[in-house]
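As C-alpha coordinates, the structure follows; a few thoughts come after it.
The values are calculated or read from the model by the stated rules, or taken from the named source; none is laboratory data. Computed from a prediction, not measured in an experiment: that's the story for all the values here. Cβ placement follows ideal geometry from the backbone for every residue including glycine, while neighbour counts extend to all protein chains displayed. Just so you know, the surface numbers come from the protein's heavy atoms only, side chains and all, with ligands and any DNA or RNA stripped out. Shrake-Rupley method; radii C 1.70, N 1.55, O 1.52, S 1.80 Å.
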Amino acid sequence: MIDERRAVWALVAEVVDALEPELDLWVATVEDSVLRRRQAASGGLSPALGEAVRRAVSAAVRDALARLRFQTELPQELLPELVELARLCAESRSELPQLTDPWLVGQEAFWERFEVVAERTLSDSALCWEVVKTARQGLKGHAARLNSLFLEACEREFARVAGINDDSRLRAVQRALEGHWVDPLDLGYDLASHHIALVADSSGLLDAAARLTERPLLRVESPDGGAWGWLGGKNRIADDELDSLVASLRSSDARVAVGEPAEGIAGFVASHHQAIEARAIAAATDERAVRFADLRVLIAVLRDGELAKGFIERELGELDRQNERMWELRETLRAYLEHSQSVSATAALRRRDRKTIERQLRSAEQLMHHRVSDRSDEVLLALRVAEILRSRD
(Lines give C-alpha, C1' and ligand atoms only; values in the text may rest on other atoms or scores of the structure.)
Protein backbone atom coordinates (compact mmCIF):
# COMPACT_ATOMS: atom_id res chain seq x y z
CA MET A 1 0.00 0.00 0.00
CA ILE A 2 2.86 2.36 0.89
CA ASP A 3 4.62 1.52 -2.37
CA GLU A 4 1.42 2.23 -4.32
CA ARG A 5 1.06 5.61 -2.64
CA ARG A 6 4.67 6.49 -3.42
CA ALA A 7 4.09 5.51 -7.04
CA VAL A 8 1.05 7.78 -7.30
CA TRP A 9 2.96 10.70 -5.77
CA ALA A 10 5.80 10.10 -8.23
CA LEU A 11 3.25 10.52 -11.04
CA VAL A 12 1.94 13.71 -9.41
CA ALA A 13 5.51 15.06 -9.54
CA GLU A 14 5.71 14.03 -13.20
CA VAL A 15 2.58 16.04 -14.02
CA VAL A 16 3.99 19.03 -12.10
CA ASP A 17 7.17 18.83 -14.19
CA ALA A 18 5.06 18.81 -17.36
CA LEU A 19 3.13 21.87 -16.15
CA GLU A 20 6.08 24.13 -15.39
CA PRO A 21 6.93 25.07 -19.02
CA GLU A 22 3.36 26.41 -19.34
CA LEU A 23 3.46 28.33 -16.07
CA ASP A 24 3.52 31.86 -17.55
CA LEU A 25 0.48 31.14 -19.71
CA TRP A 26 -1.27 29.53 -16.76
CA VAL A 27 -0.62 32.52 -14.50
CA ALA A 28 -1.88 34.89 -17.21
CA THR A 29 -5.16 32.96 -17.35
CA VAL A 30 -5.65 33.27 -13.60
CA GLU A 31 -4.65 36.94 -13.67
CA ASP A 32 -7.23 37.66 -16.40
CA SER A 33 -9.96 36.16 -14.21
CA VAL A 34 -8.95 38.42 -11.32
CA LEU A 35 -8.69 41.59 -13.38
CA ARG A 36 -11.98 40.96 -15.21
CA ARG A 37 -13.76 40.75 -11.87
CA ARG A 38 -12.08 43.93 -10.69
CA GLN A 39 -12.94 45.73 -13.95
CA ALA A 40 -16.60 44.75 -13.65
CA ALA A 41 -16.76 45.88 -10.02
CA SER A 42 -14.99 49.23 -10.00
CA GLY A 43 -12.64 49.79 -12.89
CA GLY A 44 -9.06 48.84 -13.62
CA LEU A 45 -5.93 48.71 -11.51
CA SER A 46 -2.94 51.01 -11.53
CA PRO A 47 0.12 49.63 -13.38
CA ALA A 48 1.94 49.08 -10.07
CA LEU A 49 -0.96 47.21 -8.51
CA GLY A 50 -1.57 45.20 -11.67
CA GLU A 51 2.06 44.08 -11.69
CA ALA A 52 1.82 43.20 -7.98
CA VAL A 53 -1.23 41.03 -8.71
CA ARG A 54 0.72 39.21 -11.43
CA ARG A 55 3.63 38.54 -9.08
CA ALA A 56 1.31 37.39 -6.30
CA VAL A 57 -0.62 34.98 -8.54
CA SER A 58 2.63 33.58 -9.97
CA ALA A 59 4.05 33.10 -6.47
CA ALA A 60 0.88 31.36 -5.25
CA VAL A 61 0.87 28.95 -8.21
CA ARG A 62 4.59 28.19 -7.85
CA ASP A 63 4.14 27.59 -4.12
CA ALA A 64 1.29 25.16 -4.81
CA LEU A 65 3.36 23.21 -7.35
CA ALA A 66 6.34 23.02 -5.00
CA ARG A 67 4.15 21.68 -2.21
CA LEU A 68 2.76 19.03 -4.56
CA ARG A 69 6.21 18.00 -5.70
CA PHE A 70 7.70 17.71 -2.21
CA GLN A 71 4.46 16.85 -0.28
CA THR A 72 5.03 19.61 2.27
CA GLU A 73 2.56 21.12 4.73
CA LEU A 74 0.41 24.20 4.11
CA PRO A 75 2.17 27.58 4.36
CA GLN A 76 2.50 29.03 7.86
CA GLU A 77 3.58 32.49 6.70
CA LEU A 78 2.42 34.71 3.87
CA LEU A 79 4.51 34.69 0.69
CA PRO A 80 6.59 37.89 0.29
CA GLU A 81 4.83 38.73 -3.00
CA LEU A 82 1.46 38.64 -1.22
CA VAL A 83 2.78 40.78 1.63
CA GLU A 84 3.81 43.38 -0.95
CA LEU A 85 0.40 43.19 -2.64
CA ALA A 86 -1.31 43.80 0.71
CA ARG A 87 0.90 46.86 1.30
CA LEU A 88 0.15 48.31 -2.15
CA CYS A 89 -3.59 47.67 -1.75
CA ALA A 90 -3.59 49.64 1.50
CA GLU A 91 -1.46 52.51 0.21
CA SER A 92 -3.58 52.88 -2.94
CA ARG A 93 -6.84 52.44 -1.00
CA SER A 94 -7.70 49.63 -3.39
CA GLU A 95 -10.76 47.48 -2.70
CA LEU A 96 -9.06 44.48 -4.30
CA PRO A 97 -9.08 42.36 -1.09
CA GLN A 98 -12.87 42.78 -0.76
CA LEU A 99 -13.64 42.38 -4.46
CA THR A 100 -11.43 39.44 -5.42
CA ASP A 101 -9.38 36.72 -3.83
CA PRO A 102 -6.80 36.00 -6.54
CA TRP A 103 -5.80 32.53 -5.37
CA LEU A 104 -9.43 31.48 -4.78
CA VAL A 105 -10.57 32.87 -8.12
CA GLY A 106 -7.74 31.03 -9.80
CA GLN A 107 -8.18 27.74 -7.99
CA GLU A 108 -10.56 26.24 -10.54
CA ALA A 109 -8.35 27.38 -13.41
CA PHE A 110 -5.46 25.72 -11.56
CA TRP A 111 -7.18 22.35 -11.36
CA GLU A 112 -8.65 22.52 -14.86
CA ARG A 113 -5.16 22.95 -16.25
CA PHE A 114 -3.73 20.28 -13.97
CA GLU A 115 -6.31 17.76 -15.21
CA VAL A 116 -5.63 18.63 -18.88
CA VAL A 117 -1.89 18.10 -18.47
CA ALA A 118 -2.44 14.93 -16.41
CA GLU A 119 -4.58 13.45 -19.19
CA ARG A 120 -1.93 14.38 -21.73
CA THR A 121 0.93 12.97 -19.63
CA LEU A 122 -0.71 9.75 -18.42
CA SER A 123 -2.26 7.35 -20.91
CA ASP A 124 -4.26 5.34 -18.34
CA SER A 125 -7.50 7.26 -17.57
CA ALA A 126 -8.10 5.44 -14.27
CA LEU A 127 -4.56 6.20 -13.13
CA CYS A 128 -4.98 9.81 -14.27
CA TRP A 129 -8.08 10.15 -12.08
CA GLU A 130 -6.17 8.72 -9.10
CA VAL A 131 -3.30 11.17 -9.63
CA VAL A 132 -5.66 14.18 -9.81
CA LYS A 133 -7.53 13.00 -6.73
CA THR A 134 -4.27 12.56 -4.78
CA ALA A 135 -3.01 15.98 -5.86
CA ARG A 136 -6.27 17.68 -4.84
CA GLN A 137 -6.14 15.98 -1.45
CA GLY A 138 -2.49 16.89 -0.99
CA LEU A 139 -3.19 20.56 -1.73
CA LYS A 140 -6.48 20.74 0.18
CA GLY A 141 -6.77 24.02 2.07
CA HIS A 142 -3.83 25.69 0.30
CA ALA A 143 -5.86 28.44 -1.41
CA ALA A 144 -7.94 29.08 1.71
CA ARG A 145 -4.81 29.33 3.87
CA LEU A 146 -3.16 31.84 1.54
CA ASN A 147 -6.37 33.83 1.33
CA SER A 148 -6.74 33.94 5.12
CA LEU A 149 -3.13 35.05 5.60
CA PHE A 150 -3.50 37.67 2.86
CA LEU A 151 -6.66 39.15 4.37
CA GLU A 152 -4.98 39.38 7.77
CA ALA A 153 -2.04 41.19 6.17
CA CYS A 154 -4.43 43.56 4.37
CA GLU A 155 -6.21 44.30 7.62
CA ARG A 156 -2.93 45.22 9.31
CA GLU A 157 -1.81 47.36 6.38
CA PHE A 158 -5.12 49.21 6.03
CA ALA A 159 -5.08 49.91 9.77
CA ARG A 160 -1.52 51.20 9.52
CA VAL A 161 -2.26 53.48 6.57
CA ALA A 162 -5.54 54.80 7.93
CA GLY A 163 -4.09 55.30 11.40
CA ILE A 164 -6.94 53.34 13.00
CA ASN A 165 -6.61 53.10 16.77
CA ASP A 166 -7.62 49.54 17.56
CA ASP A 167 -7.56 50.24 21.29
CA SER A 168 -10.19 52.96 20.98
CA ARG A 169 -12.45 50.70 18.93
CA LEU A 170 -12.05 47.88 21.44
CA ARG A 171 -12.95 50.28 24.28
CA ALA A 172 -16.06 51.33 22.32
CA VAL A 173 -17.03 47.66 21.87
CA GLN A 174 -16.50 46.99 25.58
CA ARG A 175 -18.80 49.92 26.45
CA ALA A 176 -21.43 48.45 24.14
CA LEU A 177 -21.03 45.02 25.79
CA GLU A 178 -21.69 46.69 29.15
CA GLY A 179 -25.03 47.86 27.74
CA HIS A 180 -24.09 51.46 26.93
CA TRP A 181 -25.11 53.08 23.67
CA VAL A 182 -22.12 53.90 21.47
CA ASP A 183 -22.02 56.35 18.57
CA PRO A 184 -21.95 54.38 15.30
CA LEU A 185 -19.12 56.65 14.15
CA ASP A 186 -16.94 55.32 16.99
CA LEU A 187 -17.61 51.74 15.89
CA GLY A 188 -18.13 52.08 12.16
CA TYR A 189 -21.17 49.89 12.83
CA ASP A 190 -24.84 50.41 13.73
CA LEU A 191 -25.92 48.90 17.06
CA ALA A 192 -29.57 49.15 16.01
CA SER A 193 -28.97 46.39 13.44
CA HIS A 194 -29.78 42.73 13.55
CA HIS A 195 -26.55 41.07 14.73
CA ILE A 196 -24.72 37.75 14.52
CA ALA A 197 -21.71 37.59 16.84
CA LEU A 198 -18.62 35.52 16.05
CA VAL A 199 -15.55 34.62 18.11
CA ALA A 200 -12.65 33.32 16.02
CA ASP A 201 -9.00 32.32 16.24
CA SER A 202 -8.29 34.45 13.17
CA SER A 203 -9.70 37.74 11.88
CA GLY A 204 -9.50 36.23 8.38
CA LEU A 205 -12.41 33.96 9.29
CA LEU A 206 -14.51 37.02 10.14
CA ASP A 207 -13.72 38.55 6.75
CA ALA A 208 -14.71 35.27 5.09
CA ALA A 209 -18.03 35.28 6.98
CA ALA A 210 -18.71 38.87 5.89
CA ARG A 211 -18.08 37.98 2.25
CA LEU A 212 -20.25 34.88 2.39
CA THR A 213 -23.20 36.72 3.94
CA GLU A 214 -22.58 40.10 2.26
CA ARG A 215 -23.21 41.83 5.60
CA PRO A 216 -21.35 44.73 7.27
CA LEU A 217 -18.67 43.53 9.70
CA LEU A 218 -17.48 45.02 12.98
CA ARG A 219 -14.19 43.39 13.96
CA VAL A 220 -11.83 43.92 16.91
CA GLU A 221 -8.92 41.99 18.34
CA SER A 222 -10.01 40.07 21.44
CA PRO A 223 -8.24 41.06 24.68
CA ASP A 224 -7.31 37.40 25.29
CA GLY A 225 -6.24 36.62 21.71
CA GLY A 226 -8.13 35.87 18.53
CA ALA A 227 -10.84 38.15 17.19
CA TRP A 228 -14.41 39.24 17.98
CA GLY A 229 -16.81 40.11 15.21
CA TRP A 230 -20.40 41.07 14.52
CA LEU A 231 -22.23 40.80 11.21
CA GLY A 232 -24.95 43.45 10.95
CA GLY A 233 -27.92 44.02 8.70
CA LYS A 234 -31.37 45.57 8.44
CA ASN A 235 -32.96 42.12 8.28
CA ARG A 236 -32.53 39.05 10.47
CA ILE A 237 -30.48 36.29 8.85
CA ALA A 238 -32.46 33.14 8.06
CA ASP A 239 -31.67 29.95 10.00
CA ASP A 240 -30.74 27.99 6.89
CA GLU A 241 -28.42 30.79 5.74
CA LEU A 242 -26.71 30.79 9.15
CA ASP A 243 -26.34 27.00 9.05
CA SER A 244 -24.79 27.26 5.59
CA LEU A 245 -22.35 29.90 6.86
CA VAL A 246 -21.22 27.67 9.73
CA ALA A 247 -20.81 24.71 7.37
CA SER A 248 -18.70 26.83 4.99
CA LEU A 249 -16.41 27.99 7.80
CA ARG A 250 -15.62 24.40 8.84
CA SER A 251 -13.13 24.08 5.99
CA SER A 252 -10.73 26.44 7.77
CA ASP A 253 -7.96 25.23 10.04
CA ALA A 254 -8.84 27.98 12.53
CA ARG A 255 -11.73 27.81 15.02
CA VAL A 256 -14.86 29.99 15.00
CA ALA A 257 -18.04 30.04 17.11
CA VAL A 258 -21.26 31.78 16.11
CA GLY A 259 -23.98 33.21 18.34
CA GLU A 260 -27.67 33.41 17.47
CA PRO A 261 -29.28 36.25 15.47
CA ALA A 262 -30.52 39.09 17.70
CA GLU A 263 -31.47 42.76 17.38
CA GLY A 264 -30.36 46.02 18.98
CA ILE A 265 -27.82 46.60 21.71
CA ALA A 266 -29.27 43.80 23.87
CA GLY A 267 -28.92 41.42 20.94
CA PHE A 268 -25.38 42.66 20.29
CA VAL A 269 -24.48 41.62 23.85
CA ALA A 270 -26.49 38.38 23.98
CA SER A 271 -25.20 37.00 20.69
CA HIS A 272 -21.61 37.73 21.77
CA HIS A 273 -21.98 35.86 25.06
CA GLN A 274 -23.48 32.92 23.18
CA ALA A 275 -20.50 32.87 20.79
CA ILE A 276 -18.10 32.95 23.76
CA GLU A 277 -19.82 29.93 25.36
CA ALA A 278 -19.93 28.05 22.07
CA ARG A 279 -16.22 28.82 21.52
CA ALA A 280 -15.35 27.14 24.84
CA ILE A 281 -17.21 24.00 23.77
CA ALA A 282 -15.51 24.02 20.36
CA ALA A 283 -12.09 24.23 22.01
CA ALA A 284 -12.90 21.36 24.39
CA THR A 285 -14.22 19.10 21.62
CA ASP A 286 -11.75 20.20 18.91
CA GLU A 287 -14.50 21.33 16.52
CA ARG A 288 -13.71 23.95 13.88
CA ALA A 289 -16.98 25.86 13.46
CA VAL A 290 -19.95 25.69 15.81
CA ARG A 291 -23.28 27.42 16.32
CA PHE A 292 -24.68 28.15 19.76
CA ALA A 293 -28.11 26.72 18.90
CA ASP A 294 -26.58 23.33 18.10
CA LEU A 295 -24.96 23.22 21.55
CA ARG A 296 -27.75 24.77 23.61
CA VAL A 297 -28.55 21.72 25.78
CA LEU A 298 -24.87 20.87 26.26
CA ILE A 299 -24.08 24.44 27.33
CA ALA A 300 -27.06 24.53 29.70
CA VAL A 301 -25.86 21.40 31.50
CA LEU A 302 -22.28 22.66 31.72
CA ARG A 303 -23.27 25.98 33.28
CA ASP A 304 -23.81 24.22 36.60
CA GLY A 305 -20.79 22.10 37.48
CA GLU A 306 -22.51 20.10 40.23
CA LEU A 307 -25.53 19.47 38.01
CA ALA A 308 -23.23 18.28 35.22
CA LYS A 309 -21.35 15.86 37.50
CA GLY A 310 -24.60 14.48 38.91
CA PHE A 311 -25.99 14.01 35.40
CA ILE A 312 -22.87 12.10 34.31
CA GLU A 313 -22.96 9.88 37.40
CA ARG A 314 -26.63 9.07 36.87
CA GLU A 315 -26.31 8.28 33.14
CA LEU A 316 -22.87 6.64 32.95
CA GLY A 317 -22.35 5.15 36.39
CA GLU A 318 -19.16 3.10 36.61
CA LEU A 319 -18.50 3.69 32.90
CA ASP A 320 -17.13 7.13 33.79
CA ARG A 321 -14.22 5.68 35.77
CA GLN A 322 -10.78 6.75 34.54
CA ASN A 323 -8.92 3.76 33.17
CA GLU A 324 -8.00 2.44 29.75
CA ARG A 325 -10.81 -0.13 29.56
CA MET A 326 -13.50 2.43 30.40
CA TRP A 327 -12.05 4.82 27.84
CA GLU A 328 -12.26 2.09 25.18
CA LEU A 329 -15.89 1.33 26.07
CA ARG A 330 -16.85 5.01 26.08
CA GLU A 331 -15.29 5.54 22.65
CA THR A 332 -17.20 2.59 21.23
CA LEU A 333 -20.47 3.69 22.83
CA ARG A 334 -20.11 7.25 21.58
CA ALA A 335 -19.33 6.09 18.02
CA TYR A 336 -22.37 3.80 18.18
CA LEU A 337 -24.70 6.60 19.30
CA GLU A 338 -23.28 9.15 16.84
CA HIS A 339 -23.75 6.77 13.90
CA SER A 340 -27.43 5.90 14.21
CA GLN A 341 -26.78 2.97 16.60
CA SER A 342 -25.32 0.94 13.74
CA VAL A 343 -23.04 -1.88 14.86
CA SER A 344 -21.57 -2.17 11.35
CA ALA A 345 -20.72 1.54 11.13
CA THR A 346 -19.23 1.47 14.63
CA ALA A 347 -17.13 -1.59 13.80
CA ALA A 348 -15.75 0.12 10.70
CA LEU A 349 -15.03 3.35 12.55
CA ARG A 350 -13.41 1.67 15.55
CA ARG A 351 -11.65 -0.96 13.40
CA ARG A 352 -13.08 -3.83 15.41
CA ASP A 353 -15.19 -6.81 14.36
CA ARG A 354 -18.94 -6.84 14.99
CA LYS A 355 -18.74 -9.35 17.84
CA THR A 356 -16.23 -7.18 19.69
CA ILE A 357 -18.47 -4.12 19.31
CA GLU A 358 -21.53 -6.04 20.52
CA ARG A 359 -19.58 -7.37 23.50
CA GLN A 360 -18.35 -3.87 24.39
CA LEU A 361 -21.86 -2.43 24.19
CA ARG A 362 -23.17 -5.13 26.55
CA SER A 363 -20.32 -4.37 28.97
CA ALA A 364 -21.15 -0.64 28.84
CA GLU A 365 -24.81 -1.36 29.63
CA GLN A 366 -23.83 -3.47 32.63
CA LEU A 367 -21.65 -0.64 33.97
CA MET A 368 -24.38 1.98 33.39
CA HIS A 369 -27.12 -0.28 34.83
CA HIS A 370 -29.55 0.48 32.00
CA ARG A 371 -29.95 -0.26 28.31
CA VAL A 372 -28.46 2.16 25.81
CA SER A 373 -31.58 2.16 23.63
CA ASP A 374 -33.75 3.28 26.54
CA ARG A 375 -31.82 6.53 27.12
CA SER A 376 -29.71 7.04 24.00
CA ASP A 377 -30.03 10.86 23.87
CA GLU A 378 -29.19 11.26 27.56
CA VAL A 379 -26.23 8.85 27.37
CA LEU A 380 -24.70 10.64 24.35
CA LEU A 381 -25.10 14.00 26.08
CA ALA A 382 -23.47 12.62 29.24
CA LEU A 383 -20.54 11.26 27.23
CA ARG A 384 -19.98 14.66 25.64
CA VAL A 385 -20.30 16.55 28.93
CA ALA A 386 -17.84 14.16 30.60
CA GLU A 387 -15.34 14.60 27.77
CA ILE A 388 -15.52 18.39 28.08
CA LEU A 389 -15.08 18.34 31.85
CA ARG A 390 -12.06 16.06 31.51
CA SER A 391 -10.49 18.35 28.91
CA ARG A 392 -10.99 21.33 31.21
CA ASP A 393 -9.35 19.49 34.10
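Label-to-label distance for residue 168 and residue 239 is 4.3 nm, based on points extended 7 Å past Cα in the beta-carbon direction. Each helix, a run of at least 4 DSSP H residues, gives -39500 (n - 2.57); summed and divided by the residues of the chain, these come to -21500 deg cm²/dmol at 222 nm. Taking every C-alpha pair closer than 8 Å and separated by at least 6 residues, the mean separation divided by the residue count of the chain gives a relative contact order of 11 percent.
Summed over the residues of the chain and divided among them, the accessible surface reaches 51 Å² per residue at a probe radius of 1.4 Å.
Positive end of the dipole of region 206-255, charges at C-beta (+1 Lys, Arg; -1 Asp, Glu), about the Cα centre: which of 245, 226, 216 has its Cα farthest in that direction? About the Cα centre, the residue reaching furthest to the positive side is 216. Of 268, 158, the order by accessible heavy-atom surface (1.4 Å probe, DNA, RNA and ligands excluded), from most exposed downward, is 158, 268. Working from label points 7 Å from Cα in the Cα-to-Cβ sense, the residue 156 to residue 328 distance is 4.9 nm. Accessible surface of the chain, 1.4 Å probe: 48 percent of it comes from carbon and sulfur atoms. Taking 15 Å as the cut-off, the amide N atoms of region 272-314 that come nearer than this to a point 7 Å along the Cα-to-beta-carbon line of residue 177 belong to 272-280. Applied to region 221-234, the Karplus parametrisation 6.51 cos²θ - 1.76 cosθ + 1.60 on θ = phi - 60° returns per-residue 3J(HN,Hα) values of 6, 5, x, 9, x, x, 9, 9, x, 9, 9, x, x, 6 Hz, with x for Gly and Pro. FRET efficiency for the pair residue 306 and residue 343, taken as 1/(1 + (r/R0)^6) with r the Cβ-Cβ distance and R0 = 35 Å, rounds to 0.50. Taking chymotrypsin sites (Phe, Trp or Tyr not before Pro) across region 169-248, the ones in a DSSP loop with at most 11 further Cβ atoms lying within 10 angstrom of their Cβ are 181. Each label point was placed 7 Å from the Cα along the Cα-to-Cβ direction; for residue 214 and residue 296 their separation is 2.9 nm.
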